[in-house]
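First up is the structure itself, then whatever we jot down about it.
The values are calculated or read from the model by the stated rules, or taken from the named source; none is laboratory data. Keep in mind it's a predicted model, so treat the numbers as computed, not measured. Neighbour counts are summed over all protein chains in view; Cβ atoms, including those assigned to glycine, are modelled from backbone coordinates with ideal geometry. Remember, those area values only see protein heavy atoms, side chains included, never the ligands or the DNA or RNA. Shrake-Rupley method; radii C 1.70, N 1.55, O 1.52, S 1.80 Å.
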Amino acid sequence: MALKTTNPTKTNSWKKLESHFSDIKSKHLKEFFSSDKNRIKDLSISWEDFYVDFSKNRITKKTLSLFNELAEEVHLKDAIERYFTGDIINKTEGRAVLHTALRASRDTKVYVDGEDVIPEVYQVREKIRSFSEAVINGSHKGYTGKAITDIVNIGIGGSDLGPAMVVDSLKYYQNHLKPHFVSNVDGDHYQEIVKELNPETTLFVIVSKTFTTQETLSNANSIRNWFLKSTPKDAIAKHFVAVSTNIESVKAFGIDEANIFPMKDWVGGRFSLWSAVGLSISLAVGNDNFENLLDGAKEMDIHFRSAPFTKNIPVIAAYLTVWYNNFFGAESEAIIPYTQYLNQFATYLQQGIMESNGKSVDRDGNKTTFETGTLIWGEPGTNSQHAFFQLIHQGTKLIPADFIAFAESLHGNKDHQDKLMSNYIAQTEALMNGKTTEEVRFELKKDGLGKEEIEQLVPFKVFDGNRPTTSIFIKKLAPKSLGKLIAMYEHKIFVQGVIWNIYSYDQFGVELGKQLAKTILNELQSNKLSNNHDESTLGLMRYYNEN
Ligand code: G6Q
């Protein structure tokens, strides 16, 4: 069984959404507020330690109810059940999509090929716990008997971005182990990292689901050579571990079976931080924190699976993306966390969202006739206010934005936190309300400007406002709340894919470049450039080999 297929634009509810859109598209957000006293109640959700305010979006209660009709017509409820219960929803790769099973409670039963996967999930979680505890408490020692001080995650894409983002986001919770991440095949990346490392006290975690990825294997091989320059061969056993589904290739690389942390093919790379791919997280912040992260995601799973759609955070978040993307014609979405800790969050979500929903063929194999995946970008506030916010406020493009903040500061500097939160709140207020001609005139007059000067400046100083934002306000940045937040976006991705009638869990679009790079590499290294390339490509190849 797989997901049902429905062209969303051919549904009745889509037609109703189109006419509803023409009714409200020119309305200003301020009008929505003045005409509806229940707006906050209807368009915000308080759930556990989350307060999500959707009310500064260009929607009404009716928009949500029409989207609920659409959800029925595209069988969203049925799709959610299939997702959680191990149906082959990644049809193009013939796999289930079960990152939710990695954080499910022990008594859950989830079957893949007739076998309950939960016992093995917990076996691996136990292995992660005992290994990371031994490294952290120093009982796992390097080959000269010294405790480990540094850990290096070697992986790329899904085997890098998730762990790197979480480790950085949870920096406040880190222990004495110093984490490093090597991903790029650019040899300067690993060289810059190893130059500061002592082989006697460093643990390398090679993370590759397939163990065939060019970047990761090149980095792992070069780092192993660097390591063996100053160490005996049997030192590998104390300093190299691997996370993979490809046990045979890991053994061939020289890693003991005992040092392999297995993963399953029903975990997609970009959703794998909850699996043994998260080993670096468990090492850097301790296993209890890793488990709390998983627990948070589990809570969001329960919310997503059980809350009615009008009070379901990931579902409404996905509706909004479809609304702006397919009706307003917005092309991108900004993610603005008001915490420096979430510095890598937008980068992480770029992969999750753009690799999943960057598709133009529907689930029947036809070219889609409507827009799908959005561009994702963002940087933490307040820095971004002094960088690209001008365009969000006064540019020609509509950029819906998620504003994420944590009410409590971790280090507790109240003055800074008050300032950060004021900015967080002020920006969404400004984006919604803008500044009218009258307000601008009044201000300029107050500043003592003359009439002529005022009139010259007015057009430039007016802000239309009506720029939509969603405020995701969370009590405190902790492993559990971070787990909830990440899972929220995972489910939002899923819902968007269901509505757009695309397959969100393959990524064939990244294959062509890999194939061509192999051919080009052979030709560059043998210096035999073939004529199978266009003139531009040949020119670049010649330039490289001549320099
Ligand atoms: C993610 C993708 C991709 C993958 C990397 C690394 O969903 O599949 O980013 O994670 O290509 O793959 P390996 O883990 O197999 O090295």
**Request:** Just reorder T231, T92, T212 by solvent-accessible area, largest first, 1.4 Å probe, all chains present.
**Result:** T212, T92, T231
**Prompt:** Using a basic spin-label model with each label point 7 Å from the Cα along Cα→Cβ, how many nm lie between S530 and Q390?
**Reply:** 4.9 nm
**Message:** Using the crude model of +1 on Lys and Arg Cβ and -1 on Asp and Glu Cβ, and no other charge, please compute the dipole size for the range 339-416 relative to its Cα centre, in debye to 20.
**Reply:** 140 debye
**Asked** Of V243, V112, which has the most accessible area with a 1.4 Å probe, and how do the rest follow in descending order?
**Response** V112, V243
**For the range 25-109, average projected area of the Cα convex hull in nm²** = 8.6 nm²
**Asked** Too long at a 28 Å Cα-Cα cut-off: which of K41/K476; K16/K480; K178/K359; K264/K492; K195/K484; K4/K41?
**Response** K16/K480; K178/K359; K195/K484; K4/K41
**Prompt:** What value does the range 308-458 have for Rg/Rh, both radii from Cα atoms and Rh as Kirkwood defines it?
**Reply:** 1.07
**Prompt:** Any idea how many Lys pairs in the range 85-173 come in under 26 angstrom at the alpha carbon, given 8 or more places apart or on separate chains?
**Reply:** 7
**Complete:** Expressed to one decimal in nm², the mean projection of the alpha carbon convex hull of the range 162-213 is 4.6 nm²
**Request:** Give the range of the longest stretch in the chain that excludes all trypsin sites (Lys or Arg not before Pro) found in loop regions by DSSP and having at most 15 other beta-carbon atoms within 10 Å.
**Result:** 230-396
**Request:** Might you report the magnitude of the Cβ-based charge dipole of the chain about its Cα centre, with Lys and Arg at +1 and Asp and Glu at -1, to the nearest 20 debye?
**Result:** 620 debye
**Asked** Across 5 Å bins from 0, what is the distribution of all Cα-Cα pair distances for the range 494-547, in whole percents?
**Response** 4, 16, 20, 16, 9, 7, 7, 9, 8, 3, 0
**Prompt:** Considering every Cα-Cα pair within the range 305-389, what fraction, in whole percent, is farther apart than 20 Å?
**Reply:** 48 percent
**Request:** Please give every one of the aspartates and glutamates within straight-line cross-link reach of K251, meaning a C-alpha to C-alpha distance under 16 Å, and leave out same-chain neighbours fewer than 8 residues apart.
**Result:** D234
**Item:** Gained length - S360 relative to F21, 0.36 nm times residue gap less alpha-carbon distance
**Value:** 119.6 nm
**Request:** Mind checking the range 142-240 for GluC sites (Glu not before Pro) that DSSP puts in a loop (not H, G, I, E or B) and that have at most 14 other Cβ atoms within 10 Å?
**Result:** E196
**Asked** Convex hull over the alpha-carbon atoms of the range 1-160: what's its volume per residue in Å³?
**Response** 223 Å³
**Prompt:** Any idea what the alpha-carbon Rg over 2.2 N^0.38 Å comes to for the range 472-519?
**Reply:** 1.74
**With every protein chain in place, the chain: carbon and sulfur % of accessible area (1.4 Å)** = 51 percent
**Request:** With label points built 7 Å along Cα→Cβ from the Cα atoms of A307 and Y51, find their separation and express it in nm.
**Result:** 1.5 nm
**Item:** Distant-in-sequence amide H partners of F181 (H built 1.01 Å from N, under 5 Å)
**Value:** N153
**Item:** Of the GluC sites (Glu not before Pro) in the range 353-422, those whose Cβ has at most 16 other Cβ within 10 Å and which sit in DSSP loop
**Value:** E371, E408
**Asked** Relative contact order of the chain: what whole-number percent is it, with Cα pairs under 8 angstrom and at least 6 residues apart?
**Response** 18 percent
**Message:** Relative contact order for the range 120-237: what percent, with Cα pairs under 8 Å and sequence separation of 6 or more?
**Reply:** 29 percent
**Request:** Using +1 at the Cβ of each Lys and Arg and -1 at the Cβ of each Asp and Glu in the range 116-195, identify which of I118, N175, G187 lies farthest towards the dipole's positive end.
**Result:** N175
**D_trans [Stokes-Einstein, Kirkwood Rh over alpha-carbon pairs] for the chain, 20 °C, 1.002 mPa s, µm² s⁻¹** = 84 µm²/s
**Complete:** Normalised per residue, the volume inside the convex hull of the alpha-carbon atoms of the range 112-256 in Å³ amounts to 126 Å³
**Prompt:** What is the spin-label model distance, in nm, from N175 to L449 if the labels are put 7 Å beyond Cα along the C-beta direction?
**Reply:** 5.9 nm
**Item:** Computed magnitude of the charge dipole of the range 53-143 (debye, nearest 20; Cβ of K, R +1, Cβ of D, E -1)
**Value:** 520 debye
**Request:** Anything in the chain that counts as a DSSP H helix reaching 30 Å or more along its axis (C-alpha) with Kyte-Doolittle mean of at least 1.6? List them, would you?
**Result:** none
**Message:** Using only DSSP helix segments of four residues or longer, with each worth -39500 (n - 2.57), what per-residue ellipticity at 222 nm results for the chain after dividing by its residue count and rounding to 500?
**Reply:** -14000 deg cm²/dmol
**Request:** Pull out the extension gain between K127 and L375, defined as 0.36 nm times the separation in residues minus the alpha carbon to alpha carbon distance; nm, one decimal.
**Result:** 85.5 nm
**Message:** Using only the Cα atoms of the range 195-253, what are the Rg and Dmax in Å?
**Reply:** 11.3, 32
**Asked** If you find the alpha carbon centre of the range 226-259 and of the range 386-436, how far apart are they in angstrom?
**Response** 47 Å
**Request:** Apply the Kirkwood formula to the range 450-547: the hydrodynamic radius equals the inverse of the mean of 1/r over all pairs of different alpha-carbon atoms; give it in Å with one decimal.
**Result:** 20.4 Å
**Message:** Going by amide H atoms built from the backbone, whose H comes under 5 Å of the H on V243, apart from near neighbours?
**Reply:** I206, V207, S208, F261
